[in-house]
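Report on one structure; see the data block that follows.
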Amino acid sequence: MKVTIIGGGGRVGSNAAFALQCGGIVSEIQLIDANQDLAEGEALDLMHGSSSIGGQVIYAGDYERARDTNIYVITAGLRRKPDESRLDLINRNVSLFRSILADIRRAGHLNCAKFFIVSNPVDILTHLTVQEMNVPQNQVLGLGTMLDTARFRSLIAAEMKLCPTEVKALILGEHGDSMIPVWSSATAAGLPLAGMAGMNPALQNKLFERAKGSGAEVIRRKGGAGWAVGVTIAEVVHALVLDKHQLLPVSSYQRGKVYGIRDISLSVPTIVGRNGVVDHMEIDLWPKEKQGLQSSARALKETLAQVK
Ligand SMILES: NC(=O)c1ccc[n+]([C@@H]2O[C@H](COP(=O)([O-])OP(=O)(O)OC[C@H]3O[C@@H](n4cnc5c(N)ncnc54)[C@H](O)[C@@H]3O)[C@@H](O)[C@H]2O)c1
């Protein structure tokens, strides 16, 4: 299985490559970056470790060499300029993103290739990929609220002094301001979190706000998120490669099957396997969670309407 990371010289792309290298499941990792030197340097550094970790082929390449890629992971993005509005940044990133899709189309790609979007605004860019790549909708997915969910679970576990991998709690909706925490189905080792000693609405609110603000906190302290996002990218790639049918909060095109949401891409409980998005599942939500998810979809539609 060959994975090409576009933006692979950057922090998120190179950290994802390292997580995939440690995972040892994909066989070939290609890095493409507008900064060729950076891509070469990261690929070389990763390749130096390949004899210790896994026998993978790792190199910096180009779109021609990407034609037989099974999974494109797109992490290329621009950072906000001082005084720039959120919408201006979105439009600059959209235009950069469209040029990447055009480069992939120009070089050619496998009919069955999957397109996995990480760059922000991730839900909008996932939606544009569905509209512009002329591949079946199930072959396009975005990281969505995977990272928010991972942060949420890890913070809950740290607060409750529980094993992090046993905590299951989702964040759904937009990867952004309107994301919503799902406490109704949150568990630890199969037991409801809501009933555990010490858990109460004030603590729930504190944990969600900390998870939601985590991106900004990490940017302030070290410049940008990398390791946790890299690990969540690898989790999705492995679910695709190993046909895991794993239920994940990835972002994908909504056709009205769940929660009455259609014609927008965002995170709902999604089964991920070899074919990409295998299915969406409507799990019971508390009324306020369902309303929150639906208003998240409306907020994203408003943003999409303003994208040039
Ligand atoms: N979805 C999520 O949960 C999530 C989490 C963290 C970061 N992100 C997003 O990931 C993106 C990358 O973040 P980062 O911290 O790695 O930034 P970064 O600046 O470290 O890396 C971005 C890379 O993209 C490259 N690039 C720019 N234009 C390109 C083009 N046209 N073709 C190929 N490469 C190009 C740059 O040279 C750079 O190496 C951003 O959009 C960021 O918002 C998403």
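Nothing in this text is a laboratory measurement; each read-out follows from the coordinates by a stated rule. Quick caveat, the model's predicted, so the values are computed rather than measured. Glycine also receives a Cβ, built like all others from the backbone with ideal geometry; neighbour counts cover every protein chain displayed.
If you count Lys pairs in segment 164-308 whose Cα atoms are under 23 Å apart, skipping same-chain pairs closer than 8 places in sequence, the total is 18. A simple spin-label model places pseudo-atoms 7 Å from Cα toward Cβ; at residue 85 and residue 205 they are separated by 3.1 nm.
Report summary: the helix-based calculation at 222 nm, which adds -39500 (n - 2.57) for every DSSP H run with n ≥ 4 and divides by the residues of the chain, gives -13500 deg cm²/dmol. Here's the picture: charge each Lys and Arg Cβ at +1 and each Asp and Glu Cβ at -1 in segment 81-138, and of 97, 131, 109 the one pushed furthest to the positive end of that dipole is 109.
What you get for segment 2-142, charging only the Cβ of Lys and Arg (+1) and of Asp and Glu (-1), is a dipole of about 340 debye around the Cα centre.
The phi torsions of segment 34-49, fed into the Karplus equation with coefficients 6.51, -1.76 and 1.60 and a -60° offset, translate into couplings of 4, 8, 4, 4, 5, 4, 4, x, 5, 5, 5, 4, 5, 4, 4, x Hz, rounded to whole numbers, with Gly and Pro shown as x. Normalised by the number of residues in segment 138-245, the mean separation of alpha-carbon contacts (under 8 Å, six or more apart) gives a relative contact order of 24 percent. Under the classification rounded if a/c is under 1.5, otherwise prolate if a/b is larger than b/c and oblate if not, where does segment 2-142 fall, given a ≥ b ≥ c as square roots of the Cα gyration tensor eigenvalues? Here segment 2-142 falls in the oblate category.
Averaging Cα coordinates gives a centre for segment 83-156 and one for segment 8-58; these two points are 20 Å apart. Rounded is the label for segment 146-306, because the ratio a/c of its alpha-carbon gyration tensor axes (a ≥ b ≥ c) stays below 1.5. Computed on segment 2-142, with alpha-carbon pairs under 8 angstrom and 6+ residues apart, the relative contact order is 23 percent.
With contacts taken as Cα pairs under 8 Å at a separation of at least 6 residues, the chain carries a relative contact order of 18 percent.
Projecting the Cα atoms of 171, 21, 49 onto the charge dipole of the chain (Cβ charges, centred on the Cα centre) puts 171 farthest toward the positive pole. Bridges between two residues of the chain, per DSSP, are antiparallel at a rate of about 50%. The alpha carbon gyration tensor of the chain gives principal lengths a ≥ b ≥ c with a/c of 1.5 or higher and a/b greater than b/c, which makes the shape prolate. Look at the dipole of segment 146-306 built from charges on Cβ: of 149, 203, 270, the Cα furthest out on the positive end belongs to 203.
Simple point charges give the picture: +1 on the Cβ of Lys and Arg, -1 on the Cβ of Asp and Glu, and for the chain a dipole about the Cα centre of about 540 debye. The longest part of the chain holding none of the exposed loop GluC sites (Glu not before Pro), meaning those outside H, G, I, E and B in DSSP with at most 14 other Cβ atoms within 10 Å, is 85-281.
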